[in-house]
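Participant: Please see the structure below; I have some questions.
The values are calculated or read from the model by the stated rules, or taken from the named source; none is laboratory data. Quick caveat: nothing in here was measured; it's all calculated off a predicted structure. Please note: Cβ atoms are built from the backbone with ideal geometry, for glycine as well, and neighbour counts cover all protein chains shown. For accessibility, only protein heavy atoms count, side chains too; no ligands or nucleic acids. Shrake-Rupley method; radii C 1.70, N 1.55, O 1.52, S 1.80 Å.
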Amino acid sequence: MAEAANSLQSLCYNRGSLHLLDQRKLPLEYVYLDIRDAADGWSAIRDMVVRGAPAIAIAAALSLAVEVTNLDVFSGTSEDAVSYLGKKLDYLVSSRPTAVNLSDAATKLKEVIKKAAATASEPRSVFQAYVEAAEIMLMDDVASNRAIGSYGATFIQHRLKNSKKLSVLTHCNTGSLATAGYGTALGVIRALHTQGVLERAFCTETRPFNQGSRLTAFELVHDSIPATLIADSAAASLMKENRVGAVIVGADRVAANGDTANKIGTYNLAVCARYHNIPFYVAAPLTSIDLSLASGQEIIIEERSAKELMYSRGGLGEQIAASGISVWNPAFDVTPANLINGIITEKGVITKMGTDAFDIKDFTLKVAGQSVV
Ligand code: MRU
C-alpha cells in the first residue's frame, strides 16, 4: 500500500488492519507494510520499520490488536485469552530493550485484560477489552504530544531573554514518525514555530541510522519549518558560534533521578551545551519515565549490528568501512540528570526547583489524575 507523501503518519490503523510506514525507505520511498499479527509487529520494530519510543509501543500494541480482531476461532476460556495475550505482549517487549514505553504499555494492557477476565467468561470479551485499550493508547499519544509541545513552547518562551526568537538544536527523530503524531521534542519545535518564536531548527544527521537527515529533515521540510541539517560532529562548533539558544531531545527511558537514555550522541550534545551555557531539555511523555530505576546506570543499552556502521544507510546500502575492523554500535547513551535543565512532559515541565536534583516521583504524584491540557 503506497500513500501520498503529504501525510506523515508512521501508522495507519483501522480495527482489524494496521499498516506501518517503512521508515527505512524514507525519504526516497513512501511505502506502507501490512502488519497482520504480533510476529509481524515484532519484526517491524526490531528491523526499524517503525522506531521511536512511543511509536514502538503503539505499533506493538496494535499489531496484537489486529491479530486478535482477525482470530477466526479461539478455543479456551477468558483466562486462556489472558494468558495468550500476556505471552504475546512479553514477546513484543523483547523486540527492543531500551525504550520503556513498550513495557509500560504491556503492563497497562495486562491489567486491562485481567480486569476484563474477572467479569467475563467469554474470551471474546477479553480480546475486545484489549483492542479497545490499545486503540485508546493510539489516541492518547497524539493528545499527549500536543500538550508536551504547548508546555515546552510556553516554558522556553518565558526564558527568552532579550531576543524575541530562538534557534533550537535537536537530535534523532522525535516527530510524527516516532509517535502516533506531532512528536515530543519535535512537537515543541513545531509549537515554537506555530507561535512565531522559532528562528530555525537545526537537526543532526544522527549517525549511523540517520534518523535526523532522513526523517527529521523530511518532517521539517514537509512542515516548511526553517531548518538546517548538520553533521553530528558540527554541533560543538554550532554552539560555539552562538547559533542555538536551546537543545531539545526526546527520551527512551528516564530514570527516577532524571538520568535519560536517548539516541547515541545525545550525551555529547548535553556535555557541549553545558560547556557553552546553553539550556538542554528533554521532552517526553510520562510513559517514558521509569521510577523503578534509581539511576541511568541501570538502563539496558541496546547494541545493534555492526552492519549499521559498516554499510551506508544504516546498514542497508553499500560498504563504507574497512573489512575486518571491529565495531561497537550502542544505539543509545545516558545523559546524566545534572546536564539536563528541564524535562518537558504532557502534564508540565519538571525542573529542579532551585535544588540540584529533579524530584520526578513527587511531580508524578502531584499530576496523577490530572487530565492532559
Ligand atoms: O533507535 P530509535 O530511532 O528508535 O531511537 C529513537 C530515539 O532515540 C528518540 O529520541 C526517542 O525514542 C524518543 S521518540 C519521541
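Participant: Look at region 314-341 and say how many of its residues are open to solvent by less than 60 Å² (accessible area, probe 1.4 Å) and under 19 Å from Cys172 (Cα atoms). First the steps, then the outcome.
Facilitator: Applying the first criterion (open to solvent by less than 60 Å² (accessible area, probe 1.4 Å)) to region 314-341 yields 314-315, 317, 321, 327, 329-337, 339-340.
Those left that are additionally under 19 Å from Cys172 (Cα atoms): 314-315, 329-336, 339-340.
Counting residues in region 314-341 that are open to solvent by less than 60 Å² (accessible area, probe 1.4 Å) and under 19 Å from Cys172 (Cα atoms) gives 12.
Participant: Sticking with this one: Select from region 315-339 the residues that are in contact (Cβ under 8 Å) with a residue 60 or more places away in the chain and of a type in the set (A, V, I, L, M) and list them in ascending order. Can you show your working first?
Facilitator: Initially, region 315-339 is screened for residues in contact (Cβ under 8 Å) with a residue 60 or more places away in the chain, giving 315-316, 329-337, 339.
Residues satisfying the conditions are Leu316, Ala331, Val334, Ala337, Leu339.
Participant: Among the residues of region 179-205, how many are in contact with a strand residue (DSSP E or B) (Cβ under 9 Å, 6 or more places away or on another chain), of a type in the set (Phe, Trp, Tyr) and closer than 20 Å to Pro54 by Cβ?
Facilitator: 0
Participant: So, one more: Within region 162-184, does at least one residue satisfy the condition of being more than 10 Å from the ligand (Cβ to nearest atom), without any contact (Cβ under 8 Å) to a residue 24 or more places away in the chain, assigned to a loop (DSSP other than H, G, I, E, B) and more than 30 Å from Glu67 (Cβ to Cβ)?
Facilitator: Yes, there is a match, as at least one residue in region 162-184 is more than 10 Å from the ligand (Cβ to nearest atom), without any contact (Cβ under 8 Å) to a residue 24 or more places away in the chain, assigned to a loop (DSSP other than H, G, I, E, B) and more than 30 Å from Glu67 (Cβ to Cβ).
Participant: Here is a further query. Taking the condition of being of a type outside the set (Asp, Glu) and within 15 Å of the ligand (Cβ to nearest atom), how many residues in region 221-234 meet it? Steps first, answer last, please.
Facilitator: Step one: filter region 221-234 for residues of a type outside the set (Asp, Glu), giving 221-222, 224-231, 233-234.
Next, from what is left, pick out any that are within 15 Å of the ligand (Cβ to nearest atom): none.
Residues flagged as of a type outside the set (Asp, Glu) and within 15 Å of the ligand (Cβ to nearest atom) within region 221-234 amount to 0.
Participant: As an exercise: evaluate Arg159 against (1) free of Cβ contacts under 8 Å to residues at least 60 places away in the same chain; (2) open to solvent by 40 Å² or more (accessible area, probe 1.4 Å); (3) more than 16 Å from the ligand (Cβ to nearest atom) and give the number of the one condition it does not meet.
Facilitator: For Arg159, the failing item is (1).
Participant: It is to be established whether one or more residues within region 33-49 are open to solvent by 10 Å² or more (accessible area, probe 1.4 Å) and within 12 Å of the ligand (Cβ to nearest atom).
Facilitator: yes
Participant: Can you confirm whether Ala294 is modelled with pLDDT under 95, of a type in the set (Gly, Ala, Ser), within 28 Å of Asp141 (Cα to Cα) and surrounded by fewer than 16 Cβ atoms within 10 Å (Cβ to Cβ)?
Facilitator: no
Participant: Look at region 297-308 and say how many of its residues are more than 19 Å from Asn262 (Cβ to Cβ) and either outside the structural domain of Gly258 (by TED's automatic domain parsing) or open to solvent by 50 Å² or more (accessible area, probe 1.4 Å) (or both). Before the answer, list the steps.
Facilitator: From region 297-308, those more than 19 Å from Asn262 (Cβ to Cβ) are 305-307; that's our starting set.
Within this subset, residues satisfying the condition of being either outside the structural domain of Gly258 (by TED's automatic domain parsing) or open to solvent by 50 Å² or more (accessible area, probe 1.4 Å) (or both) are 305, 307.
The qualifying residues number 2.
Participant: Considering each residue of region 237-273, count those that are more than 16 Å from the ligand (Cβ to nearest atom) and open to solvent by 40 Å² or more (accessible area, probe 1.4 Å), and give that number.
Facilitator: Residues flagged as more than 16 Å from the ligand (Cβ to nearest atom) and open to solvent by 40 Å² or more (accessible area, probe 1.4 Å) within region 237-273 amount to 7.
Participant: Would you check if Val197 is away from the ligand (no atom under 12 Å from the Cβ) and closer than 30 Å to Asn70 by Cα?
Facilitator: Working: away from the ligand (no atom under 12 Å from the Cβ): yes; closer than 30 Å to Asn70 by Cα: no.
Judged against the criteria, Val197 is not a match.
Participant: So, one more: I need a count of the residues in region 342-359 that are crowded, with 20+ Cβ neighbours inside 10 Å and more than 19 Å from the chain's Cα centre (by Cα).
Facilitator: 1
Participant: Of Ala143, Ala116, Ala105, which residue is in contact (Cβ under 8 Å) with a residue 40 or more places away in the chain and either closer than 30 Å to Pro208 by Cα or crowded, with 19+ Cβ neighbours inside 10 Å (or both)?
Facilitator: On the way: Ala143 fails: either closer than 30 Å to Pro208 by Cα or crowded, with 19+ Cβ neighbours inside 10 Å (or both); Ala116 fails: in contact (Cβ under 8 Å) with a residue 40 or more places away in the chain.
Answer to the check: Ala105.
Participant: Just the residues that are buried (at least 18 other Cβ atoms within 10 Å of the Cβ) and over 32 Å from the mean Cα position of the chain (by Cα), please, taken from region 65-102.
Facilitator: Ser78
Per-residue answers, yes or no, for (1) more than 16 Å from the ligand (Cβ to nearest atom); (2) touching a residue at least 40 places away in the same chain (Cβ under 8 Å):
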{"residue": "Glu67", "(1), (2)": "yes, no"}
{"residue": "Glu79", "(1), (2)": "yes, no"}
{"residue": "Tyr84", "(1), (2)": "yes, no"}
{"residue": "Lys87", "(1), (2)": "yes, no"}
{"residue": "Tyr91", "(1), (2)": "yes, yes"}
{"residue": "Gln128", "(1), (2)": "yes, no"}
{"residue": "Ala134", "(1), (2)": "yes, yes"}
{"residue": "Met137", "(1), (2)": "no, yes"}
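Participant: Does Tyr130 qualify as being open to solvent by 10 Å² or more (accessible area, probe 1.4 Å), within 22 Å of Ile56 (Cβ to Cβ), aromatic (Phe, Trp, Tyr) and part of a helix (DSSP H, G or I)?
Facilitator: Working: open to solvent by 10 Å² or more (accessible area, probe 1.4 Å): no; within 22 Å of Ile56 (Cβ to Cβ): yes; aromatic (Phe, Trp, Tyr): yes; part of a helix (DSSP H, G or I): yes.
No; evaluated as a whole, the condition is false for this residue.
Participant: Output the residues belonging to region 17-63 that are under 22 Å from Ala217 (Cα atoms) and among the β-branched types (Val, Ile, Thr). If you could, list the steps in order and put the result at the bottom.
Facilitator: Going residue by residue through region 17-63, those that are under 22 Å from Ala217 (Cα atoms) are 20-32, 45, 47-56.
Val31, Ile45, Val49, Val50, Ile56, listed by residue number.
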